[in-house]
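Take a look at the structure below.
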């Protein structure tokens, strides 16, 4: 069994300029991961208006989408290597959709991955093989297996 940690650190700013009880305070904070890296974070400007959100920081919704995309990619690379396919580049323009779910609550209802993969070698995988690799990666992805959100993979295949 593995354990993963992340710290979320927030501190109220200048009390003379921020009215916490009036909900006029910065949502900017830091995420610190077990490897030591810190990432600036904030609420999404789609949820909490400027200036109380920081659009240059990572918001929870973006982190959720990125987590699913990253996990899928890592599995794809592993599965492709085991199958003998040499991957030179992998890029994914993943998107998440927020809307009310069947219970009437706002939720991330879908995450759509759009991976584009470049291969090299004497032989290259065909469309069916690329789709099989993505399917296997999706089935193995720890994060996709952990959420109720529909996660779709729509690979960009030239």
Would region 43-60 turn up any residue that is more than 30 Å from residue 152 (Cβ to Cβ) and in contact with a strand residue (DSSP E or B) (Cβ under 6 Å, 6 or more places away or on another chain)? no
Scan region 73-95 and report the pairs whose first residue is without any contact (Cβ under 8 Å) to a residue 24 or more places away in the chain and whose second residue is part of a loop (DSSP other than H, G, I, E, B), with Cβ atoms within less than 8 Å and a gap of 6+ or a chain change. 93/114
Given the condition at pLDDT 95 or above, touching a helix residue (DSSP H, G or I) at 6+ places or on another chain (Cβ under 8 Å) and farther than 30 Å from residue 24 by Cα, answer yes or no: does some residue in region 95-107 qualify? no
Might you let me know whether region 32-46 holds any residue that is at pLDDT below 95 and in contact with a helix residue (DSSP H, G or I) (Cβ under 9 Å, 6 or more places away or on another chain)? yes
Say we look at region 129-157 and pick out the residues that are out of contact with any helix residue (DSSP H, G or I) (no Cβ under 6 Å at 6 or more places or on another chain) and assigned to a strand (DSSP E or B); which of these is nearest to residue 46 (Cα to Cα)? 150
Out of region 1-28, which residues are touching a strand residue (DSSP E or B) at 6+ places or on another chain (Cβ under 9 Å), under 12 Å from residue 52 (Cβ atoms) and touching a residue at least 24 places away in the same chain (Cβ under 8 Å)? 25, 27, 28
Residue hits (region 96-121; in contact (Cβ under 8 Å) with a residue 24 or more places away in the chain and over 12 Å from residue 134 (Cβ atoms)) are 96, 98, 107, 108, 109, 110, 111, 112, 118, 119, 120, 121
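The values are calculated or read from the model by the stated rules, or taken from the named source; none is laboratory data. Since the model is a prediction, treat every value here as computed from it, not as a measurement. FYI the Cβ positions are ideal-geometry reconstructions off the backbone, even for glycines, and counts take in every protein chain you see.
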